[in-house]
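One structure below.
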Amino acid sequence: MRYLPLNQSDRAKMQDVIGINSIDDLFADVPKNALNPAFDLPRQQSEMAVERALGEMAGKNISGGQGPFFVGAGAYRHHVPATVDHIIQRSEFLTSYTPYQPEIAQGTLQYLFEFQTQVAALTGMDVANASMYDGSTACAEAALMARRVTRKNRVVISGGLHPHYASVTRCNSELIGDKVVLAPANIKGDEDLIAMIDDQTSCVIVQNPDVFGHIRDLTPIAEAAHEKGALLIAVFTEVVSLGALQSPGAMGADIVVGEGQSIGNSLNFGGPYVGLFATRQKYIRHMPGRLCGQTKDADGQRGFVLTLSTREQHIRRDKATSNICTNSGLCALAFSIHMSLLGEKGLRTMATLSHEAACDAADALSALSGVVLLNDNFFNEFTLRLPKNAEQVAEDLAGKGVLGGVPGGRLWPEQEDLHNLLLVAATEMTSTEHIRKFVAALREVL
Amino acid sequence: MSMKPQGRPTAPIGTDPVKNGPTHTGNKALQIEEKLIFEIGDFRGTGVDFAQAKGLPPRLGGLARKDEIGLPGLSEPQAMRHYVRLSQKNYAIDMGPFPLGSCTMKHNPRLNEKMARLPGFADIHPLQPVSTVQGALELIDMLALWLKELTGMPAVAMSPKAGAHGELCGMMAIKAALVARGEADTRRRVLAPESSHGTNPATAAQCGFTVDDIPADKTGRVDIKAFKAMLGPDVAAIMVTNPNTGGLFERDIRQMADLVHEAGGYFYCDGANLNAIMGKVKPGDLGIDAMHINLHKTFSTPHGGGGPGAGPTVLSEALAAYAPVPYVVAKGKEFELVEKRSQGAETSFGRMTAFHGQMGMFVRALSFMMSHGIDGLKQAAEDAVLNANYVLTRLKAEMSPAFPGFCMHEALFDDAFLKDSGVETIDFAKAMIDEGYHPMTMYFPLIVHGAMLIEPTESESKEELDQFCDALLALAREAKTGKTDKFKAAPVFAPRRRLDETAAARKPVLRWVSPAQ
């Protein structure tokens, strides 16, 4: 077996040193009838054979690069510079552990410090943590944090929050005994959230742009929440939008969470992604997850360490702010490299190009007979109402080589009034030719 | 002593580089000091070339961003140097042994990286039509089959994103089962050994349970008598790691399972240490109800400096009906994705993450499993246990094992061998850094004084292990001679000396701030 360095002679010598006759002497504590059972699994294979088998499976999928691609709703297909994937595959990043020994992990620690700074700047907040699993779990953790900060237990969720984020959050909050109030899906972006906030409310969770693509002004919601002693949790699923839209921090958010996949990371069929989590300085001791901080070493040189670990499970156990341990370190690195290359200038251009592609697509698609654009404004994703079930339309489009968006039935399976909706996303990867093909295909399948 | 200038040292052997003082640059040959991106980058520059925007009127609802964001852009060569220099300040499994106990730092085959990057896996969207991702669903289903067969369990939830997330999945399923039984309000206690990972009590608390510690017996295992006495009608579950965090197999595990089941509770097994028993034992044969599997430990998806991981969670018949959505169901040659309750998931406890789990890790783990085959996985477990016992046996000569007898995949020592030397566990660990090794896990598990937990994994050759043991034996002998200065000063050859963690926590500096502010 190519991955195992010991040979039979090594094993025999080592058994002699240990003083055993058989390897199973080391498994003597295992109940006899549980040791060495039969398994119905194949035997080892060569690298070539494995590559062939997995290659066949991969070949059965239609990948984003094969044709026009307009799928979003929480994951976006942006261009990632080749440098990013090269760097994250360096052994010293790829095959290192959590930086618990900071003297020999300054590489990881310094990029985490840079990542935290980038995320804080993007969100307009004071501090960010070293990443969560993804946007949805970051959102759930934010609601739990609001409970700790406010000591209240009523979570108000906007009808514009991605329904999967809402489900994850509800699942976590109800588990601990919170009451979760979920506003109905709000296709126009005009819900009255303020009326839903009361004295028992720990937080209001609002996505911007919302899942239908509407751009929300968070300022009045923040003010209303603060008046009642609640926190505003601002959510984004498309981090590139922060290069075009007013930051959630500037609009008064107390916690900002979202998905960072768009920057540096592939679609990966949903994971691994990178959850971003930022908040105000005054709440840092309530934050979940790892934090990297600056300090000095014994020679007075600047260095970085994991810090405030008394919040974390390995120190505080059942009193920890979260059970999270492993996070999305390498995806955070990919994010940080890509963002370092982009800089503010590149990010703003990327955002503008994505917005313009969406504007072109929205105009061209809504010119089709029976197709209605629901948005007055949007960033790079908008919602169309089709004259028929969008799930079938998406299938038919795929048959024509166009991955044309996310149908309402996929996100709100139980709500039939939303099943004619199609969420359409564009990025800087979207070409005029892609839009032309999409329009032509949609005309045919409607 | 001077030497010939060609091919030989030009300075006398024994020169202490530490006393030579700093270089003009602060660099040390291959170790280049590197500033932050905010100190080297151009806040108006970019390292990415784009097409020109058209200048269309924005439709952003009047909420365009006007403030300066404050992100520097680095040219590609600047970025490349920045990250390569940073990388050279990291230790990694590709450089040498990474013997962190409970972390299973094994070799990461590059085939797995190549497979995960196939566009058919990496460039597909989680919400594409199901008909366009049949190969992806097939892969998830095949990995699920491997995991179920390896563990002898009937069901597996694939979506948890890491080990702790898998624990949460298992405990959520247990909570849902208790709700269905009408006992969620009465069964509020979870029992976990005092040697458990911190994630266990943290997870239980996150589910609204209170947690009580089960004491260990003299052999480092669960004290079965004490355990028995703690059981009652208020117990929801036990959370037990097996092999445990002392590297020992819980001999009485079946009895524990029977006892907790008789008391009406469930058995959550922490699968972090599965590497010791994969292909040797089916945890399902031991009576467990749920167990997460760290694909980033046992099945070698890279740790990546702290993640991403993946924590699929196997479930017993009693819990399977509560598994989270989404999941894959094979229907003949087609694969269906169950995302809604009406697809047969009426009793599901809900959703743990936005999409289907860590697909990138699934590909890597399956690639690892297929490469090994069942014979290779069994051999890997045996080699991991053999390596750990070899280290235990050799180090016994100078160091003090925490418990008598053999171990499983990791060897636990206490600090008794350092008694009265003035050297503490942390000093010993930091001295290992100077010898070119990543230290073992320190001060965990908590039941052992000054714990040192060594997990070599199956990836180490005998030669590498011998060098490692020689180094530790030499350090142990040196420590006992009372040469504390060297140990207290260590590390001196690393990119940084010991860092002031107290200062970092007292006045947290968690981001770069422009000196102008």
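Evaluated against (1) facing chain A (nearest Cβ under 9 Å); (2) over 30 Å from residue A:134 (Cα atoms), residue B:247 falls short on exactly one condition, (1).
So that you can scan it fast, the table gives a plain yes or no per residue for (1) within 30 Å of residue B:195 (Cα to Cα); (2) facing chain A (nearest Cβ under 7 Å); (3) touching a Gly at 6+ places or on another chain (Cβ under 8 Å):
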residue: B:26; (1), (2), (3): no, no, no
residue: B:37; (1), (2), (3): no, yes, no
residue: B:53; (1), (2), (3): no, yes, no
residue: B:61; (1), (2), (3): no, yes, no
residue: B:67; (1), (2), (3): no, yes, yes
residue: B:71; (1), (2), (3): no, yes, yes
residue: B:77; (1), (2), (3): no, no, no
residue: B:88; (1), (2), (3): no, yes, yes
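Flag set for residue B:407, criterion: within 11 Å of chain A (Cβ to nearest Cβ), of a type in the set (A, V, I, L, M, F, W, C) and crowded, with 22+ Cβ neighbours inside 10 Å. In region B:305-344, the residue that is surrounded by the fewest Cβ atoms within 10 Å (Cβ to Cβ) out of those that are in contact with a Gly (Cβ under 9 Å, 6 or more places away or on another chain) and β-branched (Val, Ile, Thr) is B:329.
For residue B:224, state whether it is surrounded by 24 or more Cβ atoms within 10 Å (Cβ to Cβ), out of contact with any Lys or Arg (no Cβ under 8 Å at 6 or more places or on another chain) and more than 11 Å from chain A (Cβ to nearest Cβ). So residue B:224 fails the test.
Restricting the search to helices (runs of 4 or more DSSP H) fully inside region B:411-517 and requiring at least 1 residues that are surrounded by fewer than 15 Cβ atoms within 10 Å (Cβ to Cβ) and either within 9 Å of chain A (Cβ to nearest Cβ) or modelled with pLDDT of 95 or more (or both) gives B:462-480, B:484-489, B:501-506.
Scanning region B:250-308 for residues that are of a type in the set (S, T, N, Q) and either away from chain A (no Cβ under 11 Å) or assigned to a helix (DSSP H, G or I) (or both) returns B:255, B:273, B:275, B:298. When each of A:84, A:50, A:71 is tested for being facing chain B (nearest Cβ under 7 Å) and in a helix (DSSP H, G or I), the lone residue that passes is A:50.
Against the test of being without any contact (Cβ under 8 Å) to a residue 12 or more places away in the chain and surrounded by 24 or more Cβ atoms within 10 Å (Cβ to Cβ), the options B:83, B:91 yield a single qualifying residue, B:83.
For beta carbons closer than 6 Å, sequence separation of 6+ or different chains, a first residue in region B:114-134 that is small (Gly, Ala, Ser) and a second that is surrounded by fewer than 20 Cβ atoms within 10 Å (Cβ to Cβ), the qualifying pairs are B:120/A:59.
Scan region B:287-337 for residues that are of a type in the set (D, E, K, R) and within 24 Å of the chain's Cα centre (by Cα) and the total you get is 2.
Table: residues versus (1) within 30 Å of residue B:242 (Cβ to Cβ); (2) surrounded by 24 or more Cβ atoms within 10 Å (Cβ to Cβ).
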site: B:106; (1), (2): yes, yes
site: B:111; (1), (2): no, no
site: B:114; (1), (2): no, no
site: B:118; (1), (2): no, no
site: B:129; (1), (2): no, no
site: B:132; (1), (2): no, no
site: B:138; (1), (2): no, no
site: B:142; (1), (2): yes, no
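Out of everything in region B:205-216 that is buried (at least 20 other Cβ atoms within 10 Å of the Cβ) and in contact with a Lys or Arg (Cβ under 9 Å, 6 or more places away or on another chain), what residue ends up being farthest from residue A:324 (Cα to Cα)? Across region B:205-216, the extreme among qualifying residues is B:209.
The values are calculated or read from the model by the stated rules, or taken from the named source; none is laboratory data. Given the structure is predicted, the values throughout are model-derived calculations rather than measurements. Please note: Cβ atoms are built from the backbone with ideal geometry, for glycine as well, and neighbour counts cover all protein chains shown.
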